Amino acid sequence: MRLILALLVSLAALPALAQSGWTYYGNARFGYELAVPPGFEGQGQSGNGDGQVFTLENRVARLTVWGGYLVTAPDFEAEANTRLASDLSGGWGLTAQSTTPTWASWSATKSGRVLHQHMIQLCDEPSYAALRLEYAQADRPRLDGFVETLLASLKPVC
């Protein structure tokens, strides 16, 4: 019932985004939602129902969204810091970062690629939702304008 109510409220806010080609993705298993930028096509729900991958036609851009449980760290902030550290050890060069007790975002570059990751704590505190957008530096003029709206659209459904 709470998911249906949240979907109805979200759908009321979507007309402006829909007019500009944005679509909607909601995840019932973990209880989160987000707006998907124009041109990104869903590749189908993951086997375990935690999220989905969206790809941009004829481009190397990839948007991955998923939910998870806090298992690698004692709290949300520590989980986010662990994931950020993993990106840094993987060779990503940090360009921006902001972390709070309930959400975290970072941007990075590596070998001509751009990364934006955003995580939020969900209503049942031992879980989170995340999105990860990766694309080529050459696509920055087309995709950078979507990032702020995309990150702001990731919301818990309580």
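The values are calculated or read from the model by the stated rules, or taken from the named source; none is laboratory data. What you see is a predicted model; the values in this text were computed from it and never measured. Glycine also receives a Cβ, built like all others from the backbone with ideal geometry; neighbour counts cover every protein chain displayed. Each accessible area value is taken on the protein alone, full model and side chains, heavy atoms only, with ligands, DNA and RNA left out. Shrake-Rupley method; radii C 1.70, N 1.55, O 1.52, S 1.80 Å.
A few notes on this one:
- Sorted on the mean count of surrounding Cβ atoms within 10 Å across their residues, most packed first, peptides 21-30, 39-48 read 21-30, 39-48.
- The range 107-158 and the range 29-71: distance between their alpha carbon centers, rounded to Å: 11
- Largest-first principal axis extents of the Cα set of the chain (Å): 44, 39, 28
- Accessible area of the range 68-141 belonging to carbon and sulfur atoms, whole % at 1.4 Å probe: 53
- Order by protection proxy (mean Cβ within 10 Å, highest first), peptides 75-82, 115-122: 115-122, 75-82
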